[in-house]
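Just so it is clear, none of the values below were taken in a lab; they were calculated from the coordinates. On a predicted model such as this, the values are computed, not experimentally measured, just so you know. Counting neighbours? That spans all protein chains shown, and the Cβs are built from the backbone with ideal geometry, glycine included.
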């Protein structure tokens, strides 16, 4: 038996045992990602093995690239009537508002039963909270507790947990990628997770249109603030002409961040009525969440986002102005434009 | 003590112990990659700890992106006078010609002492051969044997071994990514390998020019043979106008291979006097090594390359003709051109 989360696992077992025979909602954040969907799928299957019935809920549908783990699970997008009296188990949500504004309002009266998460900014908003901010992913925490408790992890559960870890570590590239992460993944592979299959589903299934959209994004890239910031934009025209859908921009901002010397990478995407901005930094000191917050967004110190009602060019001006302040550079001054 | 390679490790210990006090050449293949350089660096350090002196040799210089592991090691590019009497330890070389045509000729008289490799096509060309074709990387084999033998693995050695595994598994994405791979990586992290630092060095250090070159490659992509093949080209003009160097195309071909439905991805690069072709497949049945061999190249079933004296457009015609045969499609017939 493993001992990954000695402070949590015994309490977790008690929390789940108390739910036997009941039905709960496992809810993740809006615009769900691999760690969110992976956590929901895995927890659903673990709970059912413990005699707990589950409904999975997200404000937004599961992305195409994650359907391979989600399609067998009881995902239910915003069927409020079915769930308004059920207790909530939050996964991968730093606070209760992450489930989306409308969902949050509608479920405000539900019991906030459990909060299982790895965000450092987690506000411990539920009756019982399992928050491990040193973990790379909520899926690392869930996998570790399940292994500690000797719970059966079948192949699909292992696949879901591995997916969450692989995506939230940026393919084993972020600082939280610890020895324990690899140790847990080794066990998940023994349980039936197939790294090649999962990697193919996540990263090797590009619609041709996505590569054409990436070409547009790369074409738009500019380096400014003395080489410290790289940003690019995608317009409605780009999406239309490449016949791409919005979720295909996943990961694009990492190209901007990956440029030698760049501290903050940015993508701005023109949606139908709003403009979406995403910021990424390698160094947590950049606190891109604070930059995003100035324009109504939020997130992590190294990864943040916002949704704005400004026009694309207005947001470009405002966002670069805020970014510039991070480098103690005079308001709005762009020192060098490479392209 | 671990037991990763019980058939190899005791024999490996004996082979190395017999070299105590001697000097050997640790030689890798031409155009060295992460697993080649990682193996050379790690083996050098392991050998020195066992009292064996080492010269590292490659026909081509270490790529920029791998200098972070190589710069402290005794790499010596083609200083034949120094090494012509020394025994050779080959790493990551399927046969003795992989060290490059000129090097191969000059060192034909040296003793072929050890052959440490993971290629299925390895010809067991040395006096003693350690070939594990089920391993993801030569570095997996080296790490496993060192751990089996309880040899000290310091931080830089761990980093080198991890680099080889990470690159040769395609960031933990290829089929050889086993439970053992993660188990070994967990230990390497304990020994001091820092996944985030390594990942940053390998994948997050893009010269801006590389992204502009990628933009050109994406722009050139065409899908043919009923969606089964995606190929793109880079001309001398592309390299010149983006101010890129040849090694910056590393990984580009994976974009072509990643398109939904594509079985074979191809890149053709116009060099000064030759054209370089690289082929990648997800499925080993594609045997892209056989396709490359038709044009004077070779490699693995899923990853192969060639260097041709044909012009870019001649190679495009010839290579697509050979690729077409793989799909039992009439000679040279391109069924659909998306772009």
Length-normalised contact order of the stretch B:10-153 in % [C-alpha pairs under 8 Å, at least 6 apart]:
24
Using a ≥ b ≥ c from the Cα gyration tensor of the stretch A:73-125 (square roots of the eigenvalues), is it rounded, prolate or oblate, where a/c under 1.5 gives rounded and otherwise the larger of a/b and b/c decides, a/b for prolate?
prolate
Copies compared at residue A:53 - label distances in nm, ascending, label defined 7 Å from Cα in the Cβ direction
7.8
Ranked A:156, B:221, criterion: other C-beta atoms within 10 Å, fewest first
A:156, B:221
Could you tell me the relative contact order of the stretch A:152-305? Use alpha-carbon pairs under 8 Å, at least six residues apart, and round to a whole percent.
14
Between rounded, prolate and oblate, where does chain B land on the alpha carbon gyration tensor, with a ≥ b ≥ c its root eigenvalues, rounded for a/c under 1.5, else prolate if a/b exceeds b/c?
prolate
Run through the DSSP bridge list for the stretch A:9-203 and note the antiparallel percent, rounded to the nearest 5.
0
What is the average number of partner chain Cβ atoms found within 10 Å of a Cβ in B:141-154?
0
Acute angle (nearest 10 degrees) that the helix A:155-168 long axis makes with the longest principal axis of chain A, alpha-carbon atoms
30
Helix A:34-49 versus the longest principal axis of chain A: what angle, 0 to 90°, nearest 10, using Cα atoms?
10
I'd like to compare A:29-39, B:263-273: which one has the highest average count of other Cβ atoms within 10 Å, and what's the full order after that?
A:29-39, B:263-273
Who wins for biggest fluctuation among B:88, B:211, B:147 in a Gaussian network model of chain B, springs between alpha carbons below 10 Å?
B:211
Contact order relative to length of chain A, as percent, for alpha carbon pairs under 8 angstrom and 6 or more apart
12
Helix-derived mean residue ellipticity, 222 nm - over chain A, DSSP H n ≥ 4, -39500 (n - 2.57), to 500
-11000 deg cm²/dmol
In peptide B:253-266, what is the residue-averaged number of other protein chain Cβ atoms found within 10 Å of each Cβ?
3
Across B:282, B:140, B:314, the residue with the highest GNM fluctuation in chain B (Cα network, 10 Å cutoff) is B:314
Copies compared at residue B:127 - label distances in nm, ascending, label defined 7 Å from Cα in the Cβ direction
7.4
